[in-house]
Each structure stands twice: as C-alpha cells, then as structure tokens.
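Engineer: Once you've had a glance at the structure underneath, I'll fire off some questions.
The values are calculated or read from the model by the stated rules, or taken from the named source; none is laboratory data. These numbers come from a predicted model, not from an experiment. Methodologically, a virtual Cβ is constructed for each residue, glycine included, from the backbone with ideal geometry; neighbour enumeration extends over all protein chains shown.
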Amino acid sequence: MRLNKAIALYTLSLSPVVIADNFVDAFQSGDTNNLSTQQLATTDATAFQHQSGEGNDIKLLQRSSELSFTEQTQIGTGNRSTVQQQTGEGQTASTHQSGDDNRAIIYQTTSPLNVEGHITQTGEGNYARIDQNTETSFVYADIYQTGIDNYAALRQTGSELSFELNQTGEANEVYASNKVGSFDGGQYGNDLNTLITQSGQGNVLNFLQTGEMQNALINQSGEANTTTLTQTGMLSSVQFDQSGFNSQATIVQDGVNNQLEYTQSGDDNLLTINQIGDDNFLIGESIGSNQKVISNQIGTDLIAEVNQEEGSLSDAIITQSGEHNYIYVNQAGDGHIANVTQSDINQNAYVIQTGAGNISNIVQGSL
Amino acid sequence: MNLRSINKALYLSLVSASLITAGKALAMDISFNETQQGDMLSIAPTAQCDCHQIFLYKLTSKKSSQAGSSTSSQSGRFETTPNQVKTLSQLSFNLTDDTSYTMELTVTDIDGNTIATQKLSFP
C-alpha cells in the first residue's frame with residue numbers, strides 16, 4: 001500500500017492555532033492518510049480539508065471560536081470525517097463525501113446562537129450523523145444521501161430547531177429517535193421543524209420530536225418503506241405523505257392541540273395513528289386498494305376524518321375514547337370495511353360508503 | 001327488553017315495487033336481513049329481481065342514544081340475476097336501552113327512477 005504524504009497549503013496536523021481570523025486549507029491524496037486540525041480560542045476560524053483516496057481520516061476541532069466555519073471533502077471509499085465545533089456563536093460545518101462505506105460525523109455543542117451542520121454523501125453504505133447538543137436557538141441541520149444502504153442519524157436540542165433530510169435510493173435509514181438503538185436521537189426543545197424526503201425501496205424512518213410547536217413534513221415514495229414518527233408535546237403538526245406499495249407507518253402524537261394530515265397512495269399500505277390528549281385532529285386519505293388505517297384517539301373534543309378512495313378492500317378502524325368526539329369515514333369502492341368505535345357520551349359518527357359489498361360497524365357508548 | 005323481538009316486530013316484510021321499462025314490468029323485492037349477536041344488530045339489505053339488470057341502491061341510517069349519534073350512508077350499483085338474492089351491504093351498530101334508529105333503503109334504476117323503497121325504525 002502506498003501512502004502519500006499530506007499536501008497541506010497551510011498549517012495542520014495537531015497544531016493548535018490561537019489567533020484571530022484563522023484560515024486553513026489542506027489537501028491530501030492517496031490512501032490511509034490522517035488530517036487533523038485544531039483551532040482554539042479564535043474568532044473567524046475557517047478550515048477547508050480535502051482528501052481523495054481510500055481509508056483516509058479527517059479530524060477537526062474548533063473550540064471557543066466565534067463564527068467558526070469548516071468544510072470537508074472526501075472522495076473515495078472507507079473515509080472518515082469528524083468535526084467538533086464547541087462553545088462559539090455562529091458555527092457552520094459542511095462535509096461532502098462521495099464513494100462507499102464513508103462516515104461523517106458533526107458535533108456542535110454549547111453555542112449560544114446560530115448553528116448549522118450539513119452532510120452530503122453519494123454512494124453505498126455511508127453513515128452520516130449530526131449531533132447538535134446546543135441548548136440554544138436557531139439550529140439547523142441537513143443530510144443528503146444518494147445511494148443504497150445509507151444511514152443518517154440526528155440529535156438536536158434547543159429551540160427553533162430545523163432539520164432537513166433527503167435520501168434517494170434503496171434500503172436507506174434515518175434514526176432520530178431515542179427508541180431505536182443506543183443513539184439518543186431526535187429533536188428536543190420548542191419550535192421544531194423537520195422536512196424529510198425518502199424515495200426508493202425499503203427505506204426506514206424513525207423520528208422523535210419532543211417539546212412544543214413541533215412541525216414534521218414527511219414524504220416517502222417507493223415500495224416497502226417504513227415510518228415511525230413520535231411527537232410528544234402540544235401544538236404539534238404532522239403532514240405525512242407516503243406513496244407506493246407495501247409501505248407502513250406509525251404516527252404517535254402525545255399531547256394536546258395536535259393535528260395530523262396524511263395521504264397514502266398505492267396498494268397494500270398500512271397506517272397506524274395514536275393520538276393521546278384533548279383537542280387533537282386527524283384528517284387524511286388513502287388512495288388505492290387494500291389500504292388499512294387504524295386510528296386510536298384518547299381524549300375529548302377529538303376529530304377523525306378518514307377517506308379511502310379509488311380502490312377496494314380497504315379497512316378503516318377508527319376508535320375514540322372520551323367525550324364529545326367526532327368521526328367521519330368516507331369509503332368509495334367495493335368491499336371496504338369501516339369499524340367505528342366511540343366510548344363514553346356525546347359522540348358523533350358519520351360513515352359514508354359508496355360501492356358494493358361494503359360493511360359498516362358502529363359502536364357507541366360505554367364499552 | 002328483547003330487542004330482537006322488537007326488531008322482528010318492526011321488520012317490514014318484503015316490499016315490492018314495479019317499474020315499466022321498455023313496456024315491460026319489473027318486480028323488485030327488497031328487504032332488511034337482520035341478525036343480532038349480543039348487543040350488536042347487523043342489517044344487510046338485500047334485493048331480488050326476476051331480471052338481469054343494473055340498479056343503484058342507497059341505504060341511510062340514523063341512530064341515537066345517550067352515547068351519541070351516528071349517521072351511515074351506503075350506496076352503489078349492483079346487478080341482479082333472476083332467482084338470486086343480492087346482498088347489497090352490511091351495517092352493524094350496538095343497541096342499548098335508549099337506542100333509537102331509522103333506516104331507509106332505496107333502489108333506483110340507472111336513470112334515477114325509484115324502483116323500491118323500504119323503511120325501518122325503532123321504536
């Protein structure tokens with residue numbers, strides 16, 4: 001194996017720099033190279049790090065800096081990039097990797113304001129993780145992955161948190177949930193926003209939002225995809241769109257004044273909804289055949305509106321526990337089943353079925 | 001209270017109607033086929049016609065009790081075959097001591113002309 005030495009245009013390799021307006025621009029080509037940079041106690045620290053080859057490693061530490069900026073680029077396979085930005089206000093980190101089996105991690109901690117992390121990966125078997133444990137405001141992360149068997153993980157704490165993810169390909173996974181694996185992922189705080197797009201087959205999304213005023217927009221297209229979304233807190237909203245075949249989703253909203261809008265199109269999809277709390281609202285439509293929606297709401301002043309259209313043999317199983325609730329089910333096509341259950345008093349249920357061989361079951365009252 | 005016996009008492013036997021189509025009278029028999037298991041009452045509207053023809057049906061129901069109210073509407077098209085009873089849909093709901101309900105089944109031809117209607121109510 002041939003090892004190329006570093007080609008560094010400015011300083012590098014474990015040399016701390018303690019001056020303002022630091023600037024580092026480093027290049028390495030070849031295999032199994034290490035590129036490590038530390039910028040400490042500076043303002044306006046900037047680091048560019050570039051590697052091409054296989055099995056290369058980038059490490060960057062920017063500490064006590066204001067307006068830290070860094071960008072890593074790695075081309076090849078089996079490369080590693082780790083960025084740590086600590087303490088300063090205005091941190092921005094971007095990592096770009098192309099090739100297979102690469103790993104990129106961005107840690108951003110303790111900044112009082114304005115944090116951004118970006119990771120872009122193209123290839124197979126890549127891993128991207130952004131950990132923004134800032135307890136601050138205006139935090140943003142995005143991850144873009146194209147290829148197969150890629151994995152993305154996120155953790156954000158603070159307020160006014162935003163996350164955007166786009167995965168294209170097959171068997172890609174997003175884990176930002178404390179319920180999966182050892183990684184304590186998710187968004188924690190107030191005023192949370194997430195936009196997730198997955199296209200392809202066999203993709204998996206696990207996502208958690210905890211706090212108030214959460215907003216999640218999720219779009220999954222393709223076959224055999226899976227979504228598990230959990231929101232705990234109040235004043236939250238979900239817009240969920242899943243298109244394709246044999247996909248399934250579970251959405252949990254635990255809190256009050258939450259709302260869910262969904263669309264599932266294609267055949268053989270399953271959607272399970274759990275809303276726990278008062279004044280919650282869900283509305284959506286399933287377009288296709290053999291679609292199944294299972295909804296369970298617990299609380300008072302709840303609304304569930306479920307539409308199943310342009311297909312046959314779909315099921316709507318809608319349950320509400322509490323008082324003063326409302327269910328509306330509209331099914332068009334043949335062989336649909338609507339099971340509506342409302343316990344307690346002052347309930348309203350409407351079931352409309354158009355087609356042939358449809359079955360409606362309505363149960364109201366103390367069960 | 002024997003709900004089933006009351007329902008049976010209210011059961012309206014087959015209703016026939018006739019329609020002149022192309023100078024030929026059609027006889028349509030429609031009914032509510034009721035079954036009860038525990039507190040659940042299931043009603044399956046049926047239709048029979050000595051003809052081979054496409055019709056439209058609509059079953060509407062309103063139910064109320066202390067627990068609340070429900071409204072159900074089932075509609076669609078069906079094709080009859082001579083000497084065969086066609087089950088159009090099925091509606092089930094639970095019964096309590098204070099339950100009241102009304103139900104109406106209407107069959108029309110594809111032009112919207114009413115062929116047969118039947119109502120069921122309790123109490």
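Engineer: Out of segment A:58-99, which residues are of a type in the set (Asp, Glu) and at pLDDT below 95?
Structural biologist: Selection gives A:Glu66, A:Glu89.
Engineer: If you check A:Ala176 against the conditions, is it without any contact (Cβ under 8 Å) to a residue 40 or more places away in the chain, of a type outside the set (Phe, Trp, Tyr) and in contact with a Lys or Arg (Cβ under 8 Å, 6 or more places away or on another chain)? First the steps, then the outcome.
Structural biologist: Working: without any contact (Cβ under 8 Å) to a residue 40 or more places away in the chain: yes; of a type outside the set (Phe, Trp, Tyr): yes; in contact with a Lys or Arg (Cβ under 8 Å, 6 or more places away or on another chain): yes.
So A:Ala176 fits the description; yes.
Engineer: Looking only at segment B:100-123, which residues are over 16 Å from A:Ser360 (Cβ atoms) and crowded, with 16+ Cβ neighbours inside 10 Å?
Structural biologist: B:Thr106, B:Val107, B:Thr108, B:Asp109, B:Ile115, B:Ala116, B:Gln118, B:Phe122
Engineer: Among the residues of segment A:121-163, count how many are more than 17 Å from A:Gly99 (Cα to Cα) and not in a strand (DSSP E or B).
Structural biologist: Summing the residues that are more than 17 Å from A:Gly99 (Cα to Cα) and not in a strand (DSSP E or B) in segment A:121-163 gives 0.
Engineer: Only one of these conditions is not met by A:Thr250: (1) among the hydroxyl-bearing types (Ser, Thr, Tyr); (2) closer than 22 Å to A:Gly355 by Cα; (3) surrounded by fewer than 18 Cβ atoms within 10 Å (Cβ to Cβ). Which number is it?
Structural biologist: Status for A:Thr250: all satisfied but (2).
Engineer: Please state which one of A:Val363, A:Val351, A:Val329 is surrounded by 24 or more Cβ atoms within 10 Å (Cβ to Cβ), facing chain B (nearest Cβ under 7 Å) and hydrophobic (A, V, I, L, M, F, W, C).
Structural biologist: Going through A:Val363, A:Val351, A:Val329 in turn, just one is surrounded by 24 or more Cβ atoms within 10 Å (Cβ to Cβ), facing chain B (nearest Cβ under 7 Å) and hydrophobic (A, V, I, L, M, F, W, C): A:Val351.
Engineer: Oh, and also: Mind telling me which of the residues A:Leu217, A:Leu205 ends up being crowded, with 23+ Cβ neighbours inside 10 Å and in a strand (DSSP E or B)?
Structural biologist: Residue meeting the stated conditions: A:Leu205.
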